[in-house]
Amino acid sequence: MKTKTTIAIPKEVKERLGEFGMKGESYSEIVLRLLKSAEERQLRDILMDDEETIPIGKALSKAKKRWQK
């Protein structure tokens, strides 16, 4: 059996958390589903970040100059 713990949250937070639940879903299942969604969104944001990217044409040009035959 998995070890369980209790966390104290305000009633308002519990009510809001319950709004994300589906019929018959436990609070633990809701939290796990929300965490999975947050992790996927975080990964997508990291992979799609174009802050330090350059267009493919420029990258090819730089590569050709760097590795001339």
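The values are calculated or read from the model by the stated rules, or taken from the named source; none is laboratory data. Because the structure is a prediction, the values reported are computed rather than measured. Cβ atoms come from the backbone with ideal geometry, glycine included; neighbour counts cover every protein chain shown.
Of note:
- The stretch 50-69, residues that are of a type outside the set (D, E, K, R) and in a helix (DSSP H, G or I): Ile56, Gly57, Ala59, Leu60, Ser61, Ala63
- Considering the stretch 3-44, and only residues there that are hydroxyl-bearing (Ser, Thr, Tyr) and in a helix (DSSP H, G or I), the residue that is surrounded by the most Cβ atoms within 10 Å (Cβ to Cβ) turns out to be Tyr27.
- The single condition from (1) surrounded by 10 or more Cβ atoms within 10 Å (Cβ to Cβ); (2) modelled with pLDDT under 85; (3) part of a helix (DSSP H, G or I) that Leu47 fails is (1).
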